[in-house]
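Each remark here refers to the structure printed beneath this line.
The values are calculated or read from the model by the stated rules, or taken from the named source; none is laboratory data. This one's a predicted model, so the numbers in the text were calculated from it and none came from an experiment. Cβ atoms come from the backbone with ideal geometry, glycine included; neighbour counts cover every protein chain shown. Ligands, DNA and RNA are excluded from the accessible area calculation, which covers all protein heavy atoms including side chains. Shrake-Rupley method; radii C 1.70, N 1.55, O 1.52, S 1.80 Å.
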Amino acid sequence: MKRLLIVVDYQNDFVQGTLGFPGATSYYDRILALVDSFETSGDEIVFTRDLHEDNYLHTEEGRNLPVLHCMKGTDGAKFYGDLEARSRNHKVFEKETFPSLKLGDYLEGKDLDAIILCGLDLSICVLSNAVVAKAACPNAHIVVDVSASGCGDPEATKTAIAELGRLEIECRDLSKEHKGYF
C-alpha cells in the first residue's frame, strides 16, 4: 500500500502564537507519532508551511483575517517543537494562503492508495488541502486524522468534518486503530 502523510501548518503561530488556541499543543505527540510511523514504514511525508510577507495585511486573506502570523523569517513561521528539524528530511510546500496549489501539482498523477492529513486549522487549511489532495488523486482514500487535527472553534470543526464527509474525505481518529493508522 502506497501512503502519504501531509502535515498541514503545525506552526508556532497556530499552536501558541497569534492564532494559537487552547488545546493546540495536544496534537503534537500524535503528529510526531504519525511522522515516526510513516518514516519507519518508508512511506512519504510532506509538510505545508503557511508563510507571509510584509504586505500580508494588503492581501485578500489579510484583509479578511487581519492578524499577522507566520511572517517570513520569524519563529512563528517555524514548525512547532521537533517538527521544524524533522521537516528538513521531507518536502515542504510554502504557501501564502489556505490551500497549496504546489501540493496539488506535486500530487497530481501519483499512484497513492491513501493520503492522511493532520495539522491545523482543521476547518480552513486542513480542509482546503484535503480538497486539493482529492482533486489531484481522486482514487486515493483520503483521511483526516481528527486525533492529530483541530481548530479553536468546536462548531467550525463539526461543520468541517461534515463537509469533508460530503466530499468523500473520511474523518476519523486513527489513534484508536492498530498501529495508529490503517
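Remarks
- Peptide packing for 74-81, 62-69 was compared via the average number of neighbouring C-beta atoms within 10 Å per residue; ordered from the highest value, the list is 74-81, 62-69.
- Summing Cβ point charges (Lys, Arg +1; Asp, Glu -1) relative to the Cα centre of the chain gives a dipole of roughly 260 debye.
- Distance distribution P(r), the chain, all Cα-Cα pairs, bin width 10 angstrom from 0: 10, 41, 38, 10, 1 percent.
- Amide H contacts for residue 119 (H built 1.01 Å from N in the peptide plane; partners 5 or more residues away or on another chain; cut-off under 5 Å): 8, 149, 150.
- Phi to ³J(HN,Hα) by Karplus 6.51 cos²θ - 1.76 cosθ + 1.60 over the stretch 59-68, Hz, x for Gly, Pro: 8, 4, 4, x, 5, 8, 10, x, 10, 5
- Packing here is the average count of other Cβ atoms within 10 Å per residue, and on that basis the peptides 133-142, 41-50, 112-121, highest first, run 112-121, 41-50, 133-142.
- Share, in percent, of DSSP beta bridges within the chain that are antiparallel, nearest 5: 5 percent
- Within the stretch 1-70, the ratio Rg/Rh, alpha carbon atoms throughout and Rh by Kirkwood, equals 1.09.
- Along each principal axis, taking the top coordinate minus the bottom one, the Cα set of the stretch 34-105 gives 43, 27, 15 Å in descending order.
- In percent, rounded to a whole number, the relative contact order of the stretch 99-156 is 44, using alpha-carbon pairs under 8 Å and six or more apart.
- Across the cross-link table entries 95/158; 2/91; 72/95; 2/158; 72/110; 2/134, which are compared at the Cα atoms, the separations over 20 Å belong to 95/158; 2/158; 72/110.
- Each of 126, 138, 156 was placed along the dipole of the stretch 105-172 (beta-carbon charges, centred on the mean Cα), and the one lying farthest toward the positive end is 156.
- The stretch 16-154 - percent of accessible surface contributed by carbon and sulfur, probe 1.4 Å: 50 percent
- Taking amide H as placed 1.01 Å from N in the peptide plane, residue 52 has its amide H under 5 Å from the amide H of 71, 72, each at least 5 places away in sequence or on another chain.
- In a DSSP loop and with at most 14 other Cβ atoms within 10 Å, the GluC sites (Glu not before Pro) in the stretch 49-116 are 53, 108.
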